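The values are calculated or read from the model by the stated rules, or taken from the named source; none is laboratory data. Values in this document were obtained by computation on a predicted structure and should not be read as measured data. Glycine also receives a Cβ, built like all others from the backbone with ideal geometry; neighbour counts cover every protein chain displayed.
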Amino acid sequence: MKAALLLAHGMPLVIEQIPLPPPPKGSEVVLRVDGCGICGSDVHLARGNFPYFPPSFPHIMGHEIGGYVYEVGDQVKGLAVGDPVVVWAGGGCGTCSFCISGRELNCTKEHRWAGSNIPGGYAEYVLIEHERWIVKLKPGMRPRDAAPFTDAAITGYGSVRKAIRHFDPEFPVLALGIGAIGTYGLQYLKTMSGCRIIAVDVTPEKRAAALEWGADHALNGESDMLVDEIMALSDGEGVCAALDFVGTQKTIDTALAVTRADGGIFQTGMAGGIAHVDGTNDPRHWSVDVQFSLGATLKQLREVMAMVQAGRIKPIPIDFRPLEEINEVHADMHANRTRGRIVVIP
Ligand SMILES: [Zn+2]
Ligand SMILES: [Zn+2]
């Protein structure tokens, strides 16, 4: 089969013919990949900037997987060959108290995440270790269209769900970075927060899109006056919650500078920014809740899929590209030149 291989961190990926995954055993399932979404974290992982998930090389990346069931193990009960599906790419040890209660993201024993430290969807076929990670689509829905739900759509949902207790309609919420995750994030903030929404992005196109997707204000992330501009829009008090979908030092510092006492900051972007909570000098930080928010649970994926299929959440535009362009796609992601989500077709 054709696959894009990462041979070492920092190297361009190479397209090669490699053997198909082994025949599935037990509850395993092999999918024919219809499309795989490209996430900002892929770019970080390829460059070695995401050391928590050390893959073994050569590695097949790709964690936003849509495909058709190709072959099932003899204990698979809920899937049949040909079913259109998407994959929830997280996975834990399977036996700890987190894993048995659907909170695999918190598992501290073992993470097995398709595309991150086990083979993923930058290939024609992928083996999924258990049928329970697979969500069946309604007939007629193309897996390549649904692939971004498994990460772009749910990651923003996971962080907005965590922010709920901080929402206060007297104060705005802040969304930093209106890429794919941020665009979904705006929709959840609009339907779930009751707050005015301030969006921030460095590109004029994404600021314009932010207003279309539900933001009330769209500010330039490169402005030297950004903190003052956000404070002015929140009566000098600050925002009740800040969702950082970028995660640079600048964006997380901005969030810390503008979030009011007892507010919440949820960092989703993996650009290496570290939240410096400074309660010595800033009394707001005595009560600000700061969390990293990575992905969302399998149940939350099912909730998002239900909201999309009911028409309450609109899918963002997708730019389909051949897998052969994977290095150009990563370069475009790194340079913030993409719109909507890119899905590669193997
Ligand atoms: Zn991702
Ligand atoms: Zn576990």
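Checked against the criterion of being touching a Gly at 6+ places or on another chain (Cβ under 9 Å), within 15 Å of ligand 2 (Cβ to nearest atom) and not β-branched (Val, Ile, Thr), segment 134-157 contains not a single residue that satisfies it.
Just a yes or no: is a residue in segment 196-212 under 14 Å from residue 240 (Cα atoms), surrounded by fewer than 20 Cβ atoms within 10 Å (Cβ to Cβ) and not small (Gly, Ala, Ser)? For segment 196-212, residues under 14 Å from residue 240 (Cα atoms), surrounded by fewer than 20 Cβ atoms within 10 Å (Cβ to Cβ) and not small (Gly, Ala, Ser): present.
Could you tell me whether any residue of segment 80-89 is modelled with pLDDT of 95 or more, among the aliphatic types (A, V, I, L, M), over 30 Å from residue 14 (Cβ atoms) and more than 10 Å from ligand 2 (Cβ to nearest atom)? Looking for residues that are modelled with pLDDT of 95 or more, among the aliphatic types (A, V, I, L, M), over 30 Å from residue 14 (Cβ atoms) and more than 10 Å from ligand 2 (Cβ to nearest atom), one finds at least one in segment 80-89, hence yes. Each residue in segment 3-18 was checked for being in a strand (DSSP E or B) and surrounded by 15 or more Cβ atoms within 10 Å (Cβ to Cβ), and 5 pass.
In segment 121-129, is there at least one residue being touching a helix residue (DSSP H, G or I) at 6+ places or on another chain (Cβ under 6 Å), at pLDDT 95 or above and within 15 Å of ligand 1 (Cβ to nearest atom)? The answer is no, given that none of the residues of segment 121-129 is touching a helix residue (DSSP H, G or I) at 6+ places or on another chain (Cβ under 6 Å), at pLDDT 95 or above and within 15 Å of ligand 1 (Cβ to nearest atom). What single numbered condition from (1) in contact (Cβ under 8 Å) with a residue 60 or more places away in the chain; (2) within 19 Å of the chain's Cα centre (by Cα); (3) surrounded by fewer than 24 Cβ atoms within 10 Å (Cβ to Cβ) fails to hold for residue 125? With (1) in contact (Cβ under 8 Å) with a residue 60 or more places away in the chain; (2) within 19 Å of the chain's Cα centre (by Cα); (3) surrounded by fewer than 24 Cβ atoms within 10 Å (Cβ to Cβ) applied to residue 125, the lone miss is (2).
In summary, residue 148 fulfils each of the numbered conditions (1) under 19 Å from residue 251 (Cα atoms); (2) touching a Lys or Arg at 6+ places or on another chain (Cβ under 7 Å); (3) part of a helix (DSSP H, G or I) with the single exception of condition (1).
Within segment 19-59, restricting attention to residues that are part of a loop (DSSP other than H, G, I, E, B) and surrounded by 24 or more Cβ atoms within 10 Å (Cβ to Cβ), the residue that is nearest to ligand 1 (Cβ to nearest atom) is 39. Taking segment 244-301 on its own, how many of its residues are of a type in the set (D, E, K, R) and under 16 Å from the mean Cα position of the chain (by Cα)? Matching residues across segment 244-301 total 2. For segment 286-301, the count of residues that are farther than 20 Å from residue 40 by Cα, at pLDDT 95 or above and in contact with a Ser or Thr (Cβ under 7 Å, 6 or more places away or on another chain) is nonzero. Of all the numbered requirements in (1) within 16 Å of ligand 1 (Cβ to nearest atom); (2) on the phi < 0 side of the Ramachandran plot; (3) in a loop (DSSP other than H, G, I, E, B); (4) touching a Gly at 6+ places or on another chain (Cβ under 6 Å), residue 86 misses one, and that requirement is (3). Among the residues of segment 91-111, is any in contact with a strand residue (DSSP E or B) (Cβ under 7 Å, 6 or more places away or on another chain), within 16 Å of ligand 1 (Cβ to nearest atom) and within 29 Å of residue 319 (Cα to Cα)? Looking through segment 91-111, none of the residues is in contact with a strand residue (DSSP E or B) (Cβ under 7 Å, 6 or more places away or on another chain), within 16 Å of ligand 1 (Cβ to nearest atom) and within 29 Å of residue 319 (Cα to Cα). Residue count for segment 96-122 satisfying the condition of being touching a residue at least 60 places away in the same chain (Cβ under 8 Å) and either of a type in the set (Ser, Thr, Tyr) or more than 16 Å from ligand 2 (Cβ to nearest atom) (or both): 6. Among the numbered conditions (1) modelled with pLDDT of 95 or more; (2) touching an Asp or Glu at 6+ places or on another chain (Cβ under 9 Å), the only one that residue 269 does not meet is (1).
Scanning segment 220-247 for residues that are surrounded by fewer than 18 Cβ atoms within 10 Å (Cβ to Cβ) and out of contact with any Leu (no Cβ under 6 Å at 6 or more places or on another chain) yields 220, 222, 223, 224, 225, 227, 228, 231, 232, 235, 236, 237. A search for C-beta distances below 8 Å between a residue of segment 143-160 that is more than 16 Å from residue 314 (Cβ to Cβ) and among the hydroxyl-bearing types (Ser, Thr, Tyr) and any residue that is part of a loop (DSSP other than H, G, I, E, B) and within 16 Å of ligand 2 (Cβ to nearest atom), counting only pairs 6+ apart in sequence or on different chains, returns 150/88; 150/89; 155/294; 155/295.
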